[in-house]
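Peer 1: Quick one: the structure is below, questions incoming.
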Amino acid sequence: MTTSPDAPHLANPDLYPSFTKGVFLGEIREDLLFPFPALDAGERESLNMIVDSFRAWAAENVDSKQMDHDGKFPDAVRQGMGELGLMGLNIPEAYGGYGASSRVFSRMFGEIGATDPALCVYFGAHQSIGCKGITLFGTEDQKQRWLPGCAAGTTVAAFCLTEPGSGSDAQAMTTSAVPSADGSHYLLTGTKIWISNAGYAGVYTVFAKVPVTQADGTVKHKVTAFIVDAHAPGITLGQPEQKMGIKASDTRTVTFDNVRVPVQDRLGQVGQGFKFALEILNSGRLGLAAGSARGARKIMHDALVYAKQREQFGRPIGSFEIIQQKIAINAAETYAADSAWMLTAGLVDRGGIDYSLETAACKIFASELAFRASNDALQIAGGIGYSKEFPYEQAVRDSRINLIFEGTNEILRALIALMALQQSGERLKALGKAFKDPLHSLGAIGSFVAGRAKRSVSKPSFTMVHPALDEEAESVATMIHDLAGGVEALLLKHGKAVIERQFLQARLANAAIDIFLAVAVLSRTTWEIERAGSVEAAEPELDCARVFIPAAMRRARRNVRALRVNQDKRLSAIAERALESGVLAPETPSDR
Ligand SMILES: Cc1cc2nc3c(=O)[nH]c(=O)nc-3n(C[C@H](O)[C@H](O)[C@H](O)COP(=O)(O)OP(=O)(O)OC[C@H]3O[C@@H](n4cnc5c(N)ncnc54)[C@H](O)[C@@H]3O)c2cc1C
């Protein structure tokens with residue numbers, strides 16, 4: 001198995017090209033997404049072996065319903081994950097792990113997610129985020145000390161970022177790490193909440209603010225990452241949270257009271273912590289996307305079996321078109337979600353590419369798909385869908401979390417829009433520094449607009465898409481052209497106020513997500529046709545592509561048009577009235 005060197009895991013938005021940022025400029029960077037990054041034969045064989053051994057073990061050992069009921073995993077399940085080698089799947093071989101590529105790791109993430117989402121959180125909180133910082137940014141000494149235990153599963157890792165007062169706004173954290181006078185250690189104090197794996201963790205990656213005295217005597221508090229031994233004195237755990245879903249996953253508050261952290265356990269330099277957190281979450285999101293896509297496939301599979309066997313009005317319910325509609329749309333969207341996470345994992349494996357917006361797009365699309373698919377599957381199952389005897393209600397509960405953690409989908413939408421606008425600014429120089437920090441310092445958008453106002457953007461095109469998809473490719477290229485024009489017009493109209501205009505940001509992000517997913521489908525389906533040897537042989541894939549792309553482009557068109565024509569003022573008025581009065585909607589006449 002190839003070990004991806006550390007550097008290619010870094011999205012490095014300041015340095016590397018990004019497909020989605022290019023889209024906002026009206027560009028199609030085909031070289032980034034074509035050809036589709038399928039696994040080579042050797043990797044496929046290794047992956048199949050891992051999948052098969054996991055499936056055989058899980059069939060014997062993982063009782064998802066029981067774990068949901070008990071609110072915890074049997075010890076044998078956690079132990080088994082270690083024995084299978086899964087806890088070290090993406091830890092480099094040099095430290096006892098398997099060194100899986102991002103594509104292999106994401107595929108296994110998906111397999112575990114489809115088997116049991118809570119177990120997947122155990123796996124992901126450990127490796128995708130818990131010890132990922134050590135893998136990416138640790139010194140040789142830190143890697144040697146911590147990673148072998150993590151790889152064996154004997155040391156479980158957890159990621160401590162969220163606090164009572166700082167969730168989405170992670171920079172607002174108050175946990176502090178005060179250096180000792182002799183510089184030998186830090187004293188860590190603060191409370192982290194919602195920490196997955198907290199109950200059995202042996203090591204935490206903790207983010208805290210270090211006070212640094214500036215030349216002028218003022219003190220700045222800089223976010224810094226630490227590797228913390230979970231057994232250090234001064235650490236206390238709260239009770240397990242009682243949750244809606246993923247109940248077996250252990251989630252707790254972790255309190256640090258003057259915990260002594262040796263200076264050699266600081267990760268990177270003082271002040272690098274926030275960048276590290278973003279980078280860890282960037283790659284972590286991809287696993288969530290694969291887990292969600294696979295979860296959608298699994299629960300719809302159960303619904304398919306039921307729809308074939310359950311008869312009403314003298315026929316299987318699967319023969320009714322309203323039921324078929326749910327099956328077909330979920331199939332096309334699962335095809336798209338799979339195409340997108342795999343393509344993005346390919347970008348991670350390739351290195352030298354900024355994939356931060358693509359992982360966000362994959363996570364948003366797949367998490368919302370998994371929740372919709374679980375709901376549709378439950379609906380197909382009718383009354384039994386609502387029963388605890390069957391898997392549907394648990395799937396609805398379990399899939400819901402993916403829209404919330406590792407960046408809520410609202411925050412990720414704002415991130416996509418603002419990061420992409422930042423790229424426009426950088427590219428067009430006129431915006432200079434203003435776009436460098438889009439959340440806080442927008443100033444020069446007006447000059448960008450003045451310079452570009454009358455410029456017509458030349459229309460891009462695809463050259464690497466199979467001719468069978470010409471029509472779809474043309475519609476995506478047109479959409480990219482229109483989005484770039486929409487961005488320009490939007491900046492002309494709103495100037496720097498765009499920072500506060502989340503109605504607009506959400507539309508930009510939604511259009512960009514649909515465009516990225518559509519291009520992923522073009523890339524994958526081109527590859528599928530070539531692999532199958534003919535267009536006819538790839539009919540199942542082409543059907544999915546020809547359903548997904550037009551629907552995605554219709555949504556994108558609506559979003560771009562609504563940048564200009566919308567009800568935003570009215571929406572704001574309604575929301576503000578409701579927030580002010582505490583009454584959602586005008587009372588019904590019967591209540592007056
Ligand atoms: C089961 C579970 C496991 C978790 N595991 C971990 C873990 O292992 N480690 C860890 O550090 N954290 C973990 N978390 C925390 C999780 O990442 C946070 O809950 C999440 O980041 C949101 O933060 P919050 O709950 O404070 O919501 P808030 O930030 O208060 O957000 C509330 C709502 O407001 C929206 N919102 C906030 N700001 C904006 C804005 N600027 N624009 C528009 N909308 C906005 C949000 O999208 C959300 O809908 C976990 C949470 C849960 C529920």
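Peer 1: Take the residues of the range 167-178 that are among the small types (G, A, S) and within 28 Å of G245 (Cβ to Cβ): which is farthest from the ligand (Cβ to nearest atom)? Walk me through it before giving the result.
Peer 2: Our first condition is that a residue be among the small types (G, A, S); within the range 167-178, this holds for 167-168, 170, 172, 176-177.
When the remaining residues are screened for being within 28 Å of G245 (Cβ to Cβ), the result is 167-168, 170, 172.
On the way: G167: 2, S168: 3, A170: 8, A172: 10 Å.
Looking at the filtered set, the residue picked out is A172.
Peer 1: May I pose another question? Do we find that E111 is under 23 Å from D349 (Cβ atoms) and more than 12 Å from the ligand (Cβ to nearest atom) in this structure?
Peer 2: Yes: the conditions hold for E111.
Peer 1: Taking the range 207-251 on its own, how many of its residues are in contact with a helix residue (DSSP H, G or I) (Cβ under 9 Å, 6 or more places away or on another chain) and either of a type in the set (A, V, I, L, M) or within 15 Å of T175 (Cα to Cα) (or both)?
Peer 2: 16
Peer 1: Specify which of the listed residues (V228, V261, V254) is away from the ligand (no atom under 16 Å from the Cβ) and of a type outside the set (K, R).
Peer 2: Values: V228 fails: away from the ligand (no atom under 16 Å from the Cβ); V254 fails: away from the ligand (no atom under 16 Å from the Cβ).
Matching residue, one of V228, V261, V254: V261.
Peer 1: Here's another thing I want to ask about it. Any idea how many residues of the range 179-206 are outside any strand (DSSP E or B), more than 10 Å from the ligand (Cβ to nearest atom) and either of a type in the set (F, W, Y) or in contact (Cβ under 8 Å) with a residue 12 or more places away in the chain (or both)?
Peer 2: 4
Peer 1: Six or more apart or on different chains, Cβ atoms under 7 Å: show the pairs whose first residue is in the range 125-142 and in the same structural domain as G110 (by TED's automatic domain parsing) and closer than 18 Å to Q272 by Cβ and whose second is β-branched (V, I, T) and more than 12 Å from the ligand (Cβ to nearest atom).
Peer 2: C131/V203; I134/I227; T135/I91; Q142/I134; Q142/I227
Peer 1: Additional query: Restricting attention to the range 354-405, report how many residues are under 11 Å from the mean Cα position of the chain (by Cα), buried (at least 24 other Cβ atoms within 10 Å of the Cβ) and within 15 Å of the ligand (Cβ to nearest atom).
Peer 2: Going through the range 354-405 one residue at a time, the tally reaches 5.
Peer 1: I would also like to ask the following. Tell me the helices (runs of 4 or more DSSP H) entirely within the range 22-74 that contain at least 2 residues that are farther than 24 Å from G85 by Cβ and polar (S, T, N, Q).
Peer 2: Numbers: elements: 30-33, 41-61, 64-70.
In the range 22-74, there are no helices (runs of 4 or more DSSP H) which contain 2 or more residues that are farther than 24 Å from G85 by Cβ and polar (S, T, N, Q).
Peer 1: Can you tell me which residue among E333, E279 is under 20 Å from T408 (Cβ atoms) and either buried (at least 20 other Cβ atoms within 10 Å of the Cβ) or within 26 Å of the chain's Cα centre (by Cα) (or both)?
Peer 2: Working: E333 fails: under 20 Å from T408 (Cβ atoms).
Of E333, E279, the one residue that is under 20 Å from T408 (Cβ atoms) and either buried (at least 20 other Cβ atoms within 10 Å of the Cβ) or within 26 Å of the chain's Cα centre (by Cα) (or both) is E279.
Every residue, every condition in (1) surrounded by 14 or more Cβ atoms within 10 Å (Cβ to Cβ); (2) among the acidic types (D, E); (3) touching a Leu at 6+ places or on another chain (Cβ under 8 Å), yes or no:
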| position | (1), (2), (3) |
| --- | --- |
| E541 | yes, yes, no |
| R554 | no, no, no |
| L563 | yes, no, yes |
| K569 | no, no, no |
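Peer 1: Quickly run through the range 247-261 and pick out the residues that are surrounded by 15 or more Cβ atoms within 10 Å (Cβ to Cβ) and more than 16 Å from T162 (Cβ to Cβ). Talk me through it step by step, then tell me what you get.
Peer 2: Step one: filter the range 247-261 for residues surrounded by 15 or more Cβ atoms within 10 Å (Cβ to Cβ), giving 247-256, 259-261.
Scanning the range 247-261 gives K247, A248, V259, R260, V261.
Peer 1: If we scan the range 124-137, do we find a residue that is over 24 Å from S292 (Cβ atoms) and β-branched (V, I, T)?
Peer 2: To start, the set of residues in the range 124-137 that are over 24 Å from S292 (Cβ atoms) comprises 134, 137.
Adding the requirement that they be β-branched (V, I, T) leaves 134.
Checking the range 124-137: at least one residue is over 24 Å from S292 (Cβ atoms) and β-branched (V, I, T).
Peer 1: Would you pick out the residues in the range 151-166 that are without any contact (Cβ under 8 Å) to a residue 60 or more places away in the chain and either near the ligand (Cβ under 10 Å from one of its atoms) or among the hydrophobic types (A, V, I, L, M, F, W, C) (or both)?
Peer 2: Selection gives A157, T162, E163, P164, G165, S166.
Peer 1: Quick check: is even one residue across the range 293-304 crowded, with 24+ Cβ neighbours inside 10 Å, among the hydrophobic types (A, V, I, L, M, F, W, C), touching a Gly at 6+ places or on another chain (Cβ under 7 Å) and modelled with pLDDT of 95 or more?
Peer 2: Within the range 293-304 (the criterion being crowded, with 24+ Cβ neighbours inside 10 Å, among the hydrophobic types (A, V, I, L, M, F, W, C), touching a Gly at 6+ places or on another chain (Cβ under 7 Å) and modelled with pLDDT of 95 or more), the answer is yes, since at least one residue qualifies.
Peer 1: I'm trying to understand the selection: among the residues of the range 203-237, which are within 23 Å of C120 (Cβ to Cβ) and either at pLDDT below 95 or surrounded by fewer than 23 Cβ atoms within 10 Å (Cβ to Cβ) (or both)?
Peer 2: A230, L237, listed by residue number.
Peer 1: Something else about it: Condition (residue is part of a helix (DSSP H, G or I) and within 16 Å of the ligand (Cβ to nearest atom)) applied to the range 133-142: is it met by at least one residue?
Peer 2: yes
Peer 1: The conditions are (1) within 16 Å of the ligand (Cβ to nearest atom); (2) part of a strand (DSSP E or B); (3) of a type in the set (S, T, N, Q), and S283 fails exactly one of them. Which is it?
Peer 2: All conditions pass for S283, except number (2).
Peer 1: Turning to a different aspect of this structure: For the range 505-522, check the following and say yes or no: at least one residue is of a type in the set (D, E), part of a helix (DSSP H, G or I), outside the structural domain of W341 (by TED's automatic domain parsing) and modelled with pLDDT of 95 or more.
Peer 2: yes
Peer 1: Taking the condition of being buried (at least 17 other Cβ atoms within 10 Å of the Cβ) and without any contact (Cβ under 8 Å) to a residue 40 or more places away in the chain, how many residues in the range 471-500 meet it?
Peer 2: Residues in the range 471-500 being buried (at least 17 other Cβ atoms within 10 Å of the Cβ) and without any contact (Cβ under 8 Å) to a residue 40 or more places away in the chain: 1 in total.
The values are calculated or read from the model by the stated rules, or taken from the named source; none is laboratory data. Not measured: the values here are computed from a predicted model. All Cβ positions, glycine included, derive from the backbone under ideal geometry; neighbour counts span all protein chains shown.
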